[in-house]
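Report on the following structure.
The values are calculated or read from the model by the stated rules, or taken from the named source; none is laboratory data. Every value quoted in this text rests on a predicted model; they were computed, and no experiment measured them. Cβ coordinates were reconstructed from backbone atoms using ideal geometry, including for glycine residues, and neighbour counts include every protein chain displayed.
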């Protein structure tokens with residue numbers, strides 16, 4: 001005998017459980033190991049080790065500043081309930097320019113003024129992120145506008161076509177526009 005007391009189960013389920021509980025406990029240990037690489041990838045995305053985002057959109061030239069823009073994920077905008085659809089973008093400032101930049105904003109459609117500049121990027125200069133609301137009035141031909149505000153009060157604007165900045169958002173807006181016609 002193996003020295004392990006198996007018990008006396010009288011039902012079919014009880015006997016099955018006694019025979020297979022080792023295999024099920026091994027599965028409980030192995031299943032997280034299978035999911036671990038996906039978790040590590042997500043963790044590397046959040047810390048910036050895996051790059052600026054899931055897809056780099058390109059470099060924007062806003063006045064004297066070169067800004068690298070990326071989509072955090074390549075999905076269409078996610079519905080955030082009452083807040084509406086939202087999309088996350090990440091941005092990296094140029095080397096040496098972080099001292100003169102006060103704030104960076106992003107918005108779909110040209111901002112009317114600095115007060116309506118859009119969502120504020122926050123984070124470290126090498127990896128800023130902004131949660132951008134997609135307005136109901138947005139159209140696929142609208143651009144993604146980035147506004148850079150300096151400490152002396154001056155501001156610079158740059159536009160990137162939405163198709164280049166986020167193809168998934170562009171397609172989502174085109175589909176949305178088609179259904180409303």
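One table, with the values for the structure above:
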quantity: Tally, over the stretch 70-95, of residues that are within 12 Å of the chain's Cα centre (by Cα) and in a helix (DSSP H, G or I); calculated: 0
quantity: Candidates 140, 161, 77, filtered to the one that is outside the structural domain of residue 42 (by TED's automatic domain parsing), at negative phi, surrounded by 16 or more Cβ atoms within 10 Å (Cβ to Cβ) and touching a strand residue (DSSP E or B) at 6+ places or on another chain (Cβ under 6 Å); calculated: 77
quantity: Qualifying residue in the stretch 138-145 (condition: out of contact with any helix residue (DSSP H, G or I) (no Cβ under 6 Å at 6 or more places or on another chain), under 18 Å from residue 64 (Cβ atoms) and outside any loop (DSSP other than H, G, I, E, B)); calculated: yes
quantity: Count of the stretch 5-50 residues which are in contact (Cβ under 8 Å) with a residue 12 or more places away in the chain and either surrounded by 11 or more Cβ atoms within 10 Å (Cβ to Cβ) or part of a helix (DSSP H, G or I) (or both); calculated: 3
quantity: Residue that is in the same structural domain as residue 71 (by TED's automatic domain parsing), free of Cβ contacts under 8 Å to residues at least 40 places away in the same chain, exposed (fewer than 13 other Cβ atoms within 10 Å of the Cβ) and more than 22 Å from residue 79 (Cα to Cα), where the choices are 115, 102; calculated: 115
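Per-residue answers, yes or no, for (1) over 23 Å from residue 80 (Cα atoms); (2) more than 22 Å from the chain's Cα centre (by Cα); (3) without any contact (Cβ under 8 Å) to a residue 24 or more places away in the chain:
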{"site": "125", "(1), (2), (3)": "yes, no, no"}
{"site": "129", "(1), (2), (3)": "no, no, no"}
{"site": "133", "(1), (2), (3)": "no, no, no"}
{"site": "144", "(1), (2), (3)": "no, no, no"}
{"site": "149", "(1), (2), (3)": "yes, yes, no"}
{"site": "156", "(1), (2), (3)": "yes, yes, no"}
{"site": "159", "(1), (2), (3)": "yes, no, no"}
{"site": "165", "(1), (2), (3)": "no, no, no"}
{"site": "181", "(1), (2), (3)": "yes, yes, yes"}
